[in-house]
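The values are calculated or read from the model by the stated rules, or taken from the named source; none is laboratory data. Because the structure is a prediction, the values reported are computed rather than measured. Here the Cβ positions follow ideal geometry from the backbone for every residue, glycine too, while neighbour counts run over all protein chains shown. To get the accessible areas, we keep the full protein, side chains included, count just its heavy atoms, and leave off ligands, DNA and RNA. Shrake-Rupley method; radii C 1.70, N 1.55, O 1.52, S 1.80 Å.
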Amino acid sequence: MENKIKALLLSAATEIFGQEISENLVQFQKTRKEFEGDITLVTFPFVKMLKTKPEEVGEKVGAYLVEHVEELEAYNVVKGFLNLVINKEFWLKELKNIDADARFGFRPENSGDTLMVEYSSPNTNKPLHLGHLRNNFLGYSVAEILKANGHNVIKTQIVNDRGIHICKSMLAWQKFAPEDANGQKETPQTTGIKGDHFVGKYYVEFENQLIKEACALAEEKLKEGAFEAEDAEKVEKLIALIAETDAVADKSKYNSLRSKLAGFTKNETELLKEAQDMLVKWEAKDPQTYLLWNTMNGWVYEGFGSTYKRMGVDFDKMYYESDTFLIGKDLVLEGLEKGLFFKKEDGSVWVDLTDEGLDEKLLLRADGTAVYMTQDLGTAFDRFRDYPDLNGIVYTVGNEQDYHFKVLFLVLKKLGYSWADSCFHLSYGMVDLPDGKMKSREGKVVDADDLMEEVVNDAMESTKERGHLDGLSEEERNDLYEMIGLGGLKYFLLKVDPQKRMKFDPKESIDLNGNTAPFIQYAHARIQSLLSKAGELKAFDTTEYGAQEKELIKLLASFPETVAEAGKHHSPALIANYTFELVKLYNTFYQSVYILNEPNEELKQLRLALSANVAKVIKQAMLLLGIKVPNRM
């Protein structure tokens, strides 16, 4: 209708305004709730051109449109806004179009660009945690929304399977893992611990052992008088605080103190040197180091696989830092030869971005080992080589890496890759708990597996309390608990604008009231129950409906626009909050009118069709968020 009105105003501009007008003068907005109307034309742009009052412009344009557009039946003018009322025949036709389209709201498949969406991208030295949940759910949902907008989407991740942090877990297992009577070290299989949790345990163990060694080294240096008097006093206090903090297991404070102590010991601990040596051996492809690395990563991948399965996320293509960092090193050395980068006295390679308002950035360490930037350069190059028709990459990474991606894209452009302009950082805020930010190095982290188990158990308890489970098998009940619990978790993490930092509340996420997935899931189940009682639906062709039906049709009709906006802004929150508004409006409708008991058969069928299409849009919208909806709840 907006397009139709715009076309008419442009073609009849001379008749209406006495002169031609440009397309950008025709602007629409949603009609405010306190005024009658379905579309609002903003008339302020025409006021200056016609040198008259906004109200006079509105009256003139409104009268012309109602006369020449058969679907318009009335108008009203409020200052510089022309509110247009569309007739019931139009909205009836809209409902019929929605009803006839099984993929309503979605553009034709593969009608857009080829895009890659990266998400998850964990380190293989620890299990996934709450922050990873937001990352995975956000990346997966954005990929599904882009698909709904007609794009060909490749879901991917870069597995950070190399680096000093990986060597820390490897070294800790090698040095500290207990052995059985036969001299065999413990494994996930012998302990029954999930593989990623098992390896993560040894990452934490490395840090615990490192702080013990740092304390011992600091005490030795104190005896030798290696510190200035002022520093010696600080070191003594740090050692005392670490011992005290360790006793109460306050890992957050514990790790902070360790970092401060490391500054005084200048990271001279033998354990850290061994980890750094192991990294050099790994990059030199030392056979024993490589075997240990493959073994422990294998444990982690098995653990990740089961976590991803329960999350309901998947990937089309996997990239590994252990492969792409080599490509990145070649790119850096190539850039060095071309004079794009420079080498410092210690042999490290850097890029100078001061002209771009940033600073100097390390690309290769003095010992020749790669950094994150090195592998990200190689990964981007590898992806565009693998997919020559790729139109862009969306990197789903927390906002703590905003600077990193500014540098990455600038370095790629320096290397001459024009496709760097097609790379986009989907920056999102961190997830907090009531006691603040999570730190994986401290062993104080909300584990993804534990959290998913918790919300499903909470969903089970609350569902049992409500009843309504008669006739469901044990398997069907468990599926329902999973659907409600994980649906609540996903929705809670996705309903907030990605850029905003948020606080997660497990109990609130599965509440049946408010802006939650269970609230929406229950509405879908209620509609399915209604349709089951109604039997076979029949044709509907009546305009004897009221304002509530019209408002529902209008909101349904805006679903395609919402999907398009969510794709444009990479924001599942737009889908989530649209669905919440749809359910609220339907609940009001459901409680205000007769449906099954409506004596007018045609009106009854229209209301049933309206209900069925609300359920259809709920299901499609929630699937874009990676959430399933039950038929019974």
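Details
- Within region 481-496, being closer than 15 Å to Asp432 by Cα and either under 11 Å from the mean Cα position of the chain (by Cα) or surrounded by fewer than 21 Cβ atoms within 10 Å (Cβ to Cβ) (or both) holds for Leu493, Leu494, Val496.
- Matching residues in region 300-315 - criterion: being within 23 Å of Tyr372 (Cα to Cα) and not aliphatic (A, V, I, L, M): Tyr301, Phe304, Phe315
- Per the listing Gly368, Gly347, Gly378, the residue uniquely open to solvent by 20 Å² or more (accessible area, probe 1.4 Å), modelled with pLDDT of 95 or more and of a type in the set (Gly, Ala, Ser) is Gly347.
- Where a residue in region 240-261 is under 15 Å from Glu213 (Cβ atoms) and modelled with pLDDT of 75 or more and its partner, wherever it lies, is open to solvent by 60 Å² or more (accessible area, probe 1.4 Å) and among the hydroxyl-bearing types (Ser, Thr, Tyr), with Cβ under 8 Å and at least six apart: none
- Among the helices (runs of 4 or more DSSP H) confined to region 119-203, the ones with at least 1 residues that are within 19 Å of the chain's Cα centre (by Cα) and modelled with pLDDT of 95 or more are located at 130-148.
- Residue check for Glu20: at pLDDT below 95, out of contact with any His (no Cβ under 6 Å at 6 or more places or on another chain), assigned to a loop (DSSP other than H, G, I, E, B) and farther than 22 Å from Asn87 by Cα: yes
- Take the conditions (1) part of a helix (DSSP H, G or I); (2) open to solvent by 40 Å² or more (accessible area, probe 1.4 Å); (3) under 30 Å from Arg258 (Cα atoms); Leu272 misses just one of them, which is (2).
- Test: residue in region 138-148 that is surrounded by 15 or more Cβ atoms within 10 Å (Cβ to Cβ), among the basic types (Lys, Arg) and over 30 Å from Phe424 (Cβ atoms): no
- Tally of residues being closer than 21 Å to Ala523 by Cβ, part of a helix (DSSP H, G or I) and not hydroxyl-bearing (Ser, Thr, Tyr) across region 478-501: 14
- Among residues of region 522-545, those that are of a type outside the set (A, V, I, L, M, F, W, C), part of a helix (DSSP H, G or I) and touching a helix residue (DSSP H, G or I) at 6+ places or on another chain (Cβ under 9 Å), counted: 4
- Hey, Lys79 over 38 Å from the mean Cα position of the chain (by Cα), open to solvent by 70 Å² or more (accessible area, probe 1.4 Å) and on the phi > 0 side of the Ramachandran plot or not: yes
- Number of positions in region 16-63 that are of a type in the set (D, E, K, R), within 13 Å of Glu2 (Cβ to Cβ) and open to solvent by 50 Å² or more (accessible area, probe 1.4 Å): 2
- Breaking point among (1) surrounded by 13 or more Cβ atoms within 10 Å (Cβ to Cβ); (2) at pLDDT 95 or above, for Ser532: (1)
- In region 379-419, the qualifying residues are those that are in contact with a helix residue (DSSP H, G or I) (Cβ under 8 Å, 6 or more places away or on another chain), free of Cβ contacts under 8 Å to residues at least 40 places away in the same chain and not in a loop (DSSP other than H, G, I, E, B), and the one that is farthest from Ser141 (Cα to Cα) is Lys413.
- Of all residues in region 337-358, those that are over 12 Å from Leu410 (Cα atoms) and of a type in the set (A, V, I, L, M) have Cβ atoms under 9 Å from Cβ atoms of residues that are assigned to a strand (DSSP E or B) and open to solvent by less than 70 Å² (accessible area, probe 1.4 Å), 6 or more apart or on another chain, in Val349/Phe342; Val349/Leu362; Val349/Leu363; Val349/Leu364.
- When the residues of region 285-332 are filtered to those that are closer than 16 Å to Cys167 by Cβ, at pLDDT 95 or above and of a type in the set (A, V, I, L, M, F, W, C), the one that is surrounded by the most Cβ atoms within 10 Å (Cβ to Cβ) is Val300.
- For region 546-633, the helices (runs of 4 or more DSSP H) that sit wholly inside it and include 2 or more residues that are surrounded by fewer than 20 Cβ atoms within 10 Å (Cβ to Cβ) and of a type in the set (Asp, Glu) are 559-569, 601-624.
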